[in-house]
Amino acid sequence: MDIQILTAGISLKRQLETGNEMQLQTVRAVIEDVKQQGDEAVKAYTEKWDDFRLENLRVTQEEIAAAIQAIDEVILQDLREAAANIRRYHEQQSRQGFKLPLQDGSYLAQRILPLTSVGLYVPGGSAAYPSSVLMNVIPAQVAGVERVVIATPCDATGKLPDAVLAAASILGITEIYKMGGAQAIAALAYGTETIQPVDKIIGPGNIFVALAKREVFGDVAIDMIAGPSEIAILADETAYADEVAADLLSQAEHDALACSILITTSEQLAQAVATQVEKQLQTLPRESIARQSVERFGRIYIASSMAEAVEAINQLAPEHLEIVTKNAEAVSEQIRHAGAIFLGRYSSEPVGDYFAGTNHVLPTNSTARFASGLNVDDFIKKTSVVYYTEKTWEQNAPKIARLARLEGLEGHARAVESRGWEKE
């Protein structure tokens with residue numbers, strides 16, 4: 001990895017793929033076809049792109065049961081324990097509405113209500129992502145969402161990954177559809193003969209999924225357009241080079257666009273980590289992807305002080321931040337911008353990815369400056385309630401009318417002034 005002296009202006013920003021005109025037109029055509037032809041369009045596009053002709057879109061109970069039987073019991077128990085951890089953490093995010101009493105029995109209130117239905121897109125391909133099922137579904141369930149639907153592409157034999165079906169089963173999700181790409185997003189957004197539409201679509205996907213989510217936004221809600229993963233590690237001389245290198249590569253193996261940065265106050269650690277990264281790359285199964293990531297977006301910066309290093313981290317606003325220093329907890333109090341923070345030697349980033357209970361759906365590409373990770377609030381909506389008695393209206397109507405006329409809205413003023421006498 002390239003070693004540099006830390007200077008102002010370092011950035012995690014990458015030029016992300018936004019799609020070309022041909023891809024956008026393809027997505028729009030798919031969405032329109034699904035709107036017009038429903039199930040048949042979804043099946044046709046699945047045959048075209050996933051090489052399998054579906055008879056039925058929905059996964060059967062027999063398929064779910066077979067998947068559970070195929071999973072090692074130890075792995076099933078790991079998934080159950082991870083699910084319990086995630087649920088326990090997210091239950092702390094639940095909150096109630098409020099009622100603010102005014103004079104004479106009047107009040108203002110806020111009602112917090114869950115969304116009615118949510119669709120989760122789980123990417124397919126060569127890998128299975130049961131952790132995505134747990135991380136996306138559980139906050140929705142904690143929020144009180146009544147219906148959670150999963151869409152995920154099948155392989156060329158019509159099969160879904162056993163681990164994904166097992167994770168869904170652990171959470172009690174049985175409405176699962178074999179569909180991927182833009183056609184899945186369209187089906188979730190607008191419905192088909194088989195699929196009822198949802199209120200919000202969540203989950204990552206390829207460029208066609210991302211473009212489709214942008215296209216349907218407004219008709220339904222979406223979570224985010226996620227960028228490639230990233231990690232920043234803030235370390236001093238107390239860190240172990242082999243561990244830091246392993247953590248950097250844990251993100252680099254995700255994607256050739258993934259970003260891995262070390263900021264350290266120790267030149268000795270910087271040199272040792274660079275050596276370790278190269279050594280570990282040679283035995284990493286996803287070496288090709290990780291090497292591209294490291295060469296393009298991997299950096300080691302040497303800071304003159306911890307204060308300078310902290311300032312740089314806040315400038316980067318990384319998705320994942322590990323702090324491996326003396327007094328890591330105290331150092332973390334100075335961090336304002338990070339999607340998730342991992343403290344100390346034994347809290348490496350994969351602990352949060354899979355098991356601890358915090359959510360791994362996090363803001364990327366420096367958007368942690370203003371965005372949060374997926375949480376229970378993403379699955380609720382807030383409704384305000386106003387109740388004025390006659391007396392409260394009488395005291396405030398002139399004020400409201402004056403403010404309305406200040407903005408040139410006579411109709412508003414008259415609406416509030418029209419009350420207050422007996423109507424025949």
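The values are calculated or read from the model by the stated rules, or taken from the named source; none is laboratory data. From a predicted model like this one, the values you see are computed outputs, not experimental measurements. Here the Cβ is made from the backbone with ideal geometry for all residues, glycine too, and neighbour counts use every protein chain on show. To get the accessible areas, we keep the full protein, side chains included, count just its heavy atoms, and leave off ligands, DNA and RNA. Shrake-Rupley method; radii C 1.70, N 1.55, O 1.52, S 1.80 Å.
Quick notes on this one:
- Neighbour net charge for Ala340 - beta-carbon separation under 11 angstrom, K R +1, D E -1: -4
- Per residue, the stretch 73-176 exposes an accessible area of 45 Å² to a 1.4 Å probe, with every protein chain left in place.
- Fraction of C-alpha pairs exceeding 36 angstrom in the chain: 40 percent, rounded to a whole number.
- Beta bridges by DSSP in the chain, antiparallel share as percent, to the nearest 5: 25 percent
- Of the GluC sites (Glu not before Pro) found in the stretch 119-203, the ones in coil according to DSSP and having at most 15 other Cβ atoms within 10 Å of their Cβ are Glu146, Glu193.
- The residue list Ile68, Met1, Asn56 was ranked by how far each Cα lies along the charge dipole of the stretch 1-80 toward its positive end, using unit charges on Cβ atoms, and Met1 comes out on top.
- The Cα center of the stretch 344-404 and the Cα center of the stretch 90-116 differ in position by 13 Å.
- Angle of helix 181-190 to the longest C-alpha principal axis of the chain, folded into 0 to 90 degrees and rounded to 10: 20°.
- Overall size of the stretch 1-60 from C-alpha positions, given as principal axis extents largest first: 60, 30, 17 Å.
- Comparing Cα centroids, the stretch 255-320 and the stretch 172-245 end up 26 angstrom apart.
- Within the accessible area of the chain (1.4 Å probe), percent carbon and sulfur: 50 percent
- Distance between the modelled labels on Glu394 and Thr60, one decimal in nanometres: 7.2 nm (7 Å Cα→Cβ projection).
- C-alpha long axis of helix 241-252 to longest principal axis of the chain, angle in °: 50 degrees
- Size of charge dipole - the chain - debye, nearest 20, with Cβ of Lys, Arg +1 and Asp, Glu -1, no other charges: 1320 debye
- The stretch 15-147: C-alpha gyration tensor shape, a/c 1.5 cut-off, then a/b vs b/c: oblate
- Here is the size of the stretch 170-215 from its Cα atoms: Rg then Dmax, 10.9, 32 Å.
- Accessible-area ranking of Arg28, Arg14, Arg87, largest first, probe 1.4 Å: Arg28, Arg87, Arg14
- Cβ-derived FRET efficiency at R0 41 Å, Gln69 paired with Glu91, nearest 0.05: 0.85
- Restricting the stretch 157-218 to trypsin sites (Lys or Arg not before Pro) in coil, as DSSP defines it, with at most 16 other Cβ within 10 Å: Lys159
- Degrees separating the helix 390-406 axis from the principal Cα axis of the chain, which is the longest one: 70 degrees
- Remark: C-alpha extents of the stretch 151-249 on the principal axes read 61, 32, 27 Å, sorted largest to smallest.
- The Gln103 and Thr283 beta-carbon pair, evaluated with R₀ = 60 Å, returns a calculated FRET efficiency of approximately 0.25.
- Pairwise label distance in nanometres, Ala29 with Tyr387, each label 7 Å out on the Cα-Cβ vector: 5.7 nm
- Structure-based [θ]222 nm, the chain - -39500 (n - 2.57) summed over DSSP H runs of at least 4, per residue, nearest 500: -13500 deg cm²/dmol
- Taking a straight Cα-Cα cut-off under 29 Å and skipping sequence neighbours fewer than 8 places away in the same chain, the lysines within cross-link reach of Lys200 are Lys13, Lys35, Lys43, Lys48, Lys99, Lys159, Lys178, Lys213, Lys381, Lys382.
- Using Cβ point charges alone (K and R +1, D and E -1), the dipole size of the stretch 273-326 about the Cα centre works out to roughly 180 debye.
- Applying a DSSP loop filter and a limit of 10 other Cβ atoms within 10 Å to the trypsin sites (Lys or Arg not before Pro) in the stretch 368-424 leaves Lys423.
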